[in-house]
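Here the structure is laid out as structure tokens; the discussion comes afterwards.
Rule-based calculations on the coordinates, nothing more; no lab input. Bear in mind that the values here come from a model prediction, so they are computed numbers and not experimental data. Cβ coordinates were reconstructed from backbone atoms using ideal geometry, including for glycine residues, and neighbour counts include every protein chain displayed.
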Amino acid sequence: MLKCLCVIPSEAEESLEGSLHSSRDDSTKMLIDVLTLFPKMFEGPFAESIVRRAQDKSLVEIKTHNLRDWSTDKYKSVDDKPYGGGPGMIMRIDIIDQAVASLKSQASNLPAGRQVPKIILLDAGGEKFNQRLAHDLSRDGHLIIICGHYEGVDHRVHEHIADEVISIGDYVLSGGEIPAMVIVDSVVRLLPGAVGNKESLVEESFNEDSRFKIQDSIEYPQYTRPEEYKGWKVPEILLSGDHKKIKEWRKIV
């Protein structure tokens with residue numbers, strides 16, 4: 001069975017405004033900086049749903065930065081040919097280093113919990129992203145995410161700049177922008193107050209703390225109205241009203 005790492009918020013979860021949670025002040029608000037060649041790609045995903053509401057409630061501040069802003073030539077180039085030959089272009093370490101150093105310098109003026117950022121490089125050869133890692137990152141006060149592109153990034157970024165190198169799966173994408181969106185969404189929704197219904201986080205797929213101890217598996221099947229459609233019926237146990245039996249059923253399906 002294919003195991004999908006995506007969690008789609010329910011309609012009820014989307015509609016809740018988290019009135020039980022107060023907004024954070026600047027001393028506890030998480031900061032996420034994204035370094036990319038295509039900042040406009042993030043405008044839609046970060047302006048909708050839970051990520052937008054988390055920003056509105058001052059739980060997180062997300063900033064996208066164009067790496068070309070740190071280029072010094074008139075063409076705003078950020079890449080060059082690989083040493084030793086080979087196809088494509090490689091993103092330059094000096095550009096990335098200057099961008100990271102600039103963001104670190106700005107962070108020195110932030111509250112203590114956000115002064116020392118964790119630097120994340122998105123790369124196909126990195127550690128596989130999962131829910132455990134999302135939980136770990138959600139506890140950091142400041143993330144700087146580097147989106148690779150072209151044929152890759154100068155490997156000295158891996159060796160000397162990045163604290164963690166992360167991959168979202170064994171497949172090829174055009175760049176690190178979509179993986180960055182996946183990670184940001186997964187991390188932000190774990191911040192206290194980001195999701196109105198905390199039970200949603202407890203029972204979601206891949207949650208190691210699930211009350212049903214569902215590990216390395218998918219969430220139990222969910223159904224809603226109509227009770228029957230095209231002859232496809234909701235399992236009778238879910239209509240029984242016997243919560244004990246329903247709980248047991250959800251453990252074994």
How do the peptides 178-187, 151-160, 57-66 rank, highest first, by the average count of neighbouring beta carbon atoms within 10 Å per residue?
178-187, 57-66, 151-160
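Find how much the distance from TYR229 to ASP73 grows on full extension, using 0.36 nm per residue of separation minus their present alpha carbon separation; answer in nm with one decimal. Before the final figure, lay out the partial values.
Details: separation 156, 0.36 × 156 = 56.16 nm, distance 6.24 nm.
So the chain would gain 49.9 nm between TYR229 and ASP73.
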With label points built 7 Å along Cα→Cβ from the Cα atoms of SER174 and GLU48, find their separation and express it in nm.
1.8
Using θ = phi - 60° and the Karplus relation 6.51 cos²θ - 1.76 cosθ + 1.60, list the HN-Hα couplings for the stretch 158-169 in order, rounded to whole Hz, with x at every Gly or Pro.
4, 7, 10, 10, 6, 7, 9, 10, 10, 10, 9, x
Mean-position separation - Cα centroids, the stretch 221-253 and the stretch 133-182, in angstrom:
40
Using modelled amide H (1.01 Å from N, peptide plane; none on Pro or chain starts), what sits under 5 Å from the amide H of LEU143, excluding residues fewer than 5 places away?
LEU31, ILE32, ASP33, LYS118
Which whole-Hz couplings ³J(HN,Hα) result when phi for each residue of the stretch 39-44 is put into the Karplus expression 6.51 cos²θ - 1.76 cosθ + 1.60, θ = phi - 60°, listed in order with x for Gly and Pro?
x, 5, 4, 8, 4, x
Report the extension gain between HIS160 and ASP97 in nm, rounded to one decimal, defined as 0.36 nm multiplied by the number of residues separating them, less their alpha carbon distance.
21.7 nm
DSSP bridge orientation in the stretch 11-198 - percent antiparallel, rounded to nearest 5:
10
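What dipole magnitude, in Debye to the nearest 20, does the stretch 11-198 give about its Cα centre under +1 on Lys/Arg Cβ and -1 on Asp/Glu Cβ? Don't jump to the answer; show the numbers that get you there.
Details: 21 positive and 29 negative charges, 69 e Å.
For this selection, approximately 340 debye.
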Which of ILE93, ILE62, ALA107 sits farthest toward the positive end of the charge dipole of the stretch 26-149, with +1 on the Cβ of Lys and Arg and -1 on the Cβ of Asp and Glu?
ILE62
Out of ALA162, PHE42, GLY196, whose Cα points farthest toward the positive end of the dipole of the stretch 11-198 (charges: +1 Lys, Arg; -1 Asp, Glu; placed on Cβ)?
GLY196
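Over the alpha-carbon set of the stretch 149-201, divide Rg by the Kirkwood Rh and report the Rg/Rh ratio to two decimals. All intermediate terms of the calculation are to be shown ahead of the outcome.
Working: Rg = 14.9 Å, Rh = 13.5 Å.
Ratio of gyration radius to Kirkwood radius: 1.10.
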